[in-house]
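Peer 1: Take a look at the following structure, please.
The values are calculated or read from the model by the stated rules, or taken from the named source; none is laboratory data. Just so you know, these numbers come straight off a predicted model, no measurement behind them. Here Cβ is always computed from backbone atoms with ideal geometry, including for glycine, and neighbour counts include all displayed protein chains.
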Amino acid sequence: MKISNETKVGALTAIAITLLILGFNFLKGKTIFEKSFKLYTVFSSVEGLSVSNAVMINGLQVGKVYKMQETDENLTGIVVTINLHKNINIPKNSVAHISSSLLGNTTLNIDLGTETSYAKNGDTLATNSAPGLLAQVKGTLDPSLVKINAALNSLDSVLKLIGNVFDPSTQHNFQTIFANLAVSTAHLNSLLNTQTGALAQTLANLNGFTGNLKNNNDTITRIFSNLKTTTGKLSELELDSTLTKLQSAVTELSTTLNKINGNEGTLGLLMNDKKLYNNLNSTANSLNVLLQDFRIHPRRYTGGLVFGRKDKSAPLMTPLPDSTTVLPETDKKR
C-alpha cells in the first residue's frame, strides 16, 4: 500500500505539534511522564517569581512552580501551585517564601517545620514575605541617599549665607561643585535602578554566565574525571625503570657502533676493510665468469656425455659485456 505525500505531511505535522505542546508544557514546569505532588501557597506579591522557577528545600531543588493565579477579582492574593518531583516529607507547619539572589535568580524556598504530621497532596502551606537581597540592598541605600540629599540641602543653605562673603568666581566654583554632586547622585540612582540600571544588567549577565556553567556541569565533570584518570595512569607508569632500560639500550647501541667503527667483528671488517671488499668483489667476478663459461661451453664440463664431444676451446677469462643478449662467435657459427 503506497502512502500519499499528503498523508506523510499530515502525520509529520501532527507529530511536530505534539512535540511542541509537550516541550512547552515541560518548560512551564509541567511534568509529562512522571507523577507529581502538588501543594499550594498564597502570597500578596510574587514579584520576580514566574512559572517553572525552582522550588528549593535546604538548597536542593525538589520541584517547580506549576501555576500562578489570582484568588479573586480584587487581587487580594495570588495562589502559587507547587509541583514537587521528589518524594519528601514536608511538615504541615512548614513556611514558604520567595527568595531573590544577588545574581537575579528567583526561587520559592520552603523552610521545613517541626511537626510530625506531613502535608498531603493538595494542602496549602503558610507563607512569609521576605525581601530579596537586591531589594534589601536598595532599601538600605535609599535612606542613606535621603540623608545625603538632606545634608546637601542644608549645606547649600549654609553656603548661600556664606556666599555673600566670597567673590563671584568662588561662588561660581561652589555652584559647579553642587551641580556635579547632583549629576553624581542622578547617576547613582540610575545605577541602582532594578529594571534598567547598569547594576541590574550586570547581575543579569552574571546570572546568564552562571546558568551556562550549570548547564555544562556534566561536561566539566567529565573533563575533570578524564584528567584524573589520565594523571592516575601516568602515576602508575614505572617511568624510572623505563628510562633506565632506555638508557641501557642507548649505551649498548653506542658500544656496538663503536665496535663497528673500530674494525671489530665481521660487520666492522666488512664496512672498513677495503681489502676484504676487493676480495669479495673478485670472488663474485670469478663466479660470474665461471657461470658464463658454463652456459656458453657446457660440453667442457660434462666430458661429452650429455651434449656430444668434449669442448676443447679456450676457457672464458673475462665476463661478457652483455651475456644475456650477445653470444660469442663460436655459438653463432653453430
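To keep it simple, each residue is scored yes or no on (1) in the same structural domain as Asn105 (by TED's automatic domain parsing); (2) at pLDDT below 80; (3) in contact with a Leu (Cβ under 8 Å, 6 or more places away or on another chain).
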{"residue": "Val158", "(1), (2), (3)": "no, yes, no"}
{"residue": "Val165", "(1), (2), (3)": "no, yes, no"}
{"residue": "Phe174", "(1), (2), (3)": "no, yes, yes"}
{"residue": "Leu199", "(1), (2), (3)": "no, yes, yes"}
{"residue": "Thr210", "(1), (2), (3)": "no, no, yes"}
{"residue": "Ile220", "(1), (2), (3)": "no, no, yes"}
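Peer 1: Could I ask something else about it? If Val250 satisfies all but one of (1) at pLDDT 85 or above; (2) closer than 30 Å to Leu145 by Cβ, what's the number of the condition it fails?
Peer 2: All conditions are met except number (2).
Peer 1: Answer yes or no as to whether Thr114 is in a loop (DSSP other than H, G, I, E, B), β-branched (Val, Ile, Thr), out of contact with any His (no Cβ under 8 Å at 6 or more places or on another chain) and at pLDDT 90 or above.
Peer 2: Criteria met by Thr114.
Peer 1: A further question on this structure: Does any residue of the stretch 225-241 turn out to be modelled with pLDDT of 85 or more, closer than 30 Å to Thr107 by Cβ and outside the structural domain of Ser101 (by TED's automatic domain parsing)?
Peer 2: yes
Peer 1: Residues Gly23, Gly29: which one is within 23 Å of Leu112 (Cβ to Cβ), modelled with pLDDT under 85 and within 34 Å of the chain's Cα centre (by Cα)?
Peer 2: That would be Gly29, the only listed residue that is within 23 Å of Leu112 (Cβ to Cβ), modelled with pLDDT under 85 and within 34 Å of the chain's Cα centre (by Cα).
Peer 1: Can you list the strands (runs of 3 or more DSSP E) lying wholly within the stretch 45-99 that have 1 or more residues being more than 18 Å from Ser129 (Cα to Cα)?
Peer 2: Passing ranges, in order: 60-70, 78-84.
Peer 1: Among the numbered conditions (1) in contact with a strand residue (DSSP E or B) (Cβ under 8 Å, 6 or more places away or on another chain); (2) surrounded by fewer than 16 Cβ atoms within 10 Å (Cβ to Cβ), tell me where Val65 comes up short.
Peer 2: (2)
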